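Here the structure comes first, spelled out in structure tokens, and everything after it is commentary.
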Amino acid sequence: ILLKSHLYNPCLQNAQQCVEKSLKAILIEKSIKLQRTHDILELRNLLHDKNVTVDIDENECDFLNSIFLPSKYPVGSVLADYEPDEEICSDSIKIAEKVFESVNQLLS
């Protein structure tokens with residue numbers, strides 16, 4: 001809905017939050033000590049250290065990490081170097097869907 005409404009900043013924030021909450025869900029389910037962080041790479045690495053693999057690479061983590069603070073407290077674009085657009089938002093949604101599905105499989 002946000003993408004179709006051209007609300008790109010909130011779209012990016014929701015994609016980031018989906019990934020963050022999905023990773024935290026699997027940490028809780030696997031009884032791995034939950035860190036108070038919004039850092040996607042840090043959460044992924046906590047899982048990796050316990051031999052839990054979620055389908056997200058470091059570049060995707062870095063991209064999603066670049067979204068969190070600016071999207072939470074926006075003063076324009078949530079992306080430092082350019083304005084978000086439909087393509088960037090579509091890519092972020094695909095990452096979120098992939099991670100969500102990967103976590104669902106681990107929880108099944």
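Key figures for this structure:
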quantity: Subset of the range 9-25 (residues that are buried (at least 21 other Cβ atoms within 10 Å of the Cβ) and over 16 Å from N65 (Cβ atoms)); calculated: C11
quantity: Count of the range 46-63 residues which are of a type outside the set (F, W, Y), open to solvent by 20 Å² or more (accessible area, probe 1.4 Å) and closer than 18 Å to K98 by Cβ; calculated: 8
quantity: Members of the range 17-51 found to be of a type in the set (S, T, N, Q) and either touching a His at 6+ places or on another chain (Cβ under 8 Å) or not in a helix (DSSP H, G or I) (or both), listed by number; calculated: S31, Q35, T37, N51
quantity: Check on I67, in a helix (DSSP H, G or I) and modelled with pLDDT of 95 or more; calculated: no
quantity: Pairs, first touching a residue at least 24 places away in the same chain (Cβ under 8 Å) in the range 82-108, second among the polar types (S, T, N, Q) and surrounded by fewer than 17 Cβ atoms within 10 Å (Cβ to Cβ), C-beta under 9 Å, six or more apart; calculated: E83/S77; P84/S77; S102/T53; L106/T53
quantity: Residue, nearest to S66 (Cα to Cα), within the range 26-38, restricted to residues that are open to solvent by less than 60 Å² (accessible area, probe 1.4 Å) and either at pLDDT below 95 or in contact with a Ser or Thr (Cβ under 8 Å, 6 or more places away or on another chain) (or both); calculated: T37
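The values are calculated or read from the model by the stated rules, or taken from the named source; none is laboratory data. Bear in mind the structure is a predicted one, so any value in this text is a computation, not a measurement. We place every Cβ from the backbone using ideal geometry, glycine too, and count neighbours over all the protein chains shown. Side chains are part of the model used for accessible areas, which takes the heavy atoms of the whole protein and leaves out ligands, DNA and RNA. Shrake-Rupley method; radii C 1.70, N 1.55, O 1.52, S 1.80 Å.
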